[in-house]
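What follows is one structure encoded as structure tokens, with my remarks underneath.
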Amino acid sequence: MALGRGSAIMVLLVCFLALHSEMAHAATYTVGGAGGWTFNTVGWPKGKRFRAGDTLVFKYGAGAHNVVAVNKAAYDTCKTPRGAKVYRSGNDQIRLTRGQNYFICNYVGHCESGMKIAINAA
């Protein structure tokens, strides 16, 4: 059974609305709140519900810190793996992927002093 032109347009419209609705639910979070990305932010994600597609904004003094997207082992040991993505702008925007997302500052001693976060995005 072939769809008529009107039915095909309706299917496309429903698909568009479904995709648009998913994007409209994405949230933006400033990591660390008003204080920004700094020491002792490890507890900042507590009590927040994150979804894949949400955006984290890391605000900090460029040259004073950075943000490195890492895996769990690197998060736990505060060691930057070869090839890890390093952000340095001071106003980095990173979209969360589904599952665990880990971020550290890899300046000497910063991660060890609590400048790291682990976020699970549904």
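The values are calculated or read from the model by the stated rules, or taken from the named source; none is laboratory data. Bear in mind that the values here come from a model prediction, so they are computed numbers and not experimental data. Using ideal geometry, Cβ is built from the backbone for each residue, glycine included, and neighbour counts are taken over all protein chains shown.
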Inset, instruction - Quick one: in region 74-122, of everything that is in contact (Cβ under 8 Å) with a residue 24 or more places away in the chain and among the acidic types (Asp, Glu), which residue is surrounded by the fewest Cβ atoms within 10 Å (Cβ to Cβ)? - result: 112
Legend entry - Failed item, numbered, when residue 67 is tested on (1) buried (at least 17 other Cβ atoms within 10 Å of the Cβ); (2) more than 22 Å from residue 36 (Cα to Cα): (2)
Inset, instruction - Answer yes or no as to whether residue 52 is at pLDDT 95 or above, of a type in the set (A, V, I, L, M), surrounded by 14 or more Cβ atoms within 10 Å (Cβ to Cβ) and part of a loop (DSSP other than H, G, I, E, B). - result: yes
Inset, instruction - Give me the pairs, please: first residue somewhere in region 31-55 and of a type in the set (Lys, Arg), second residue anywhere and part of a loop (DSSP other than H, G, I, E, B), beta-carbon distance under 6 Å, and either six or more positions apart or on two chains. - result: 51/122
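Okay, residues lined up against (1) more than 22 Å from residue 33 (Cα to Cα); (2) polar (S, T, N, Q):
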residue	(1), (2)
77	yes, yes
92	no, no
95	no, no
100	no, yes
113	no, yes
118	no, no
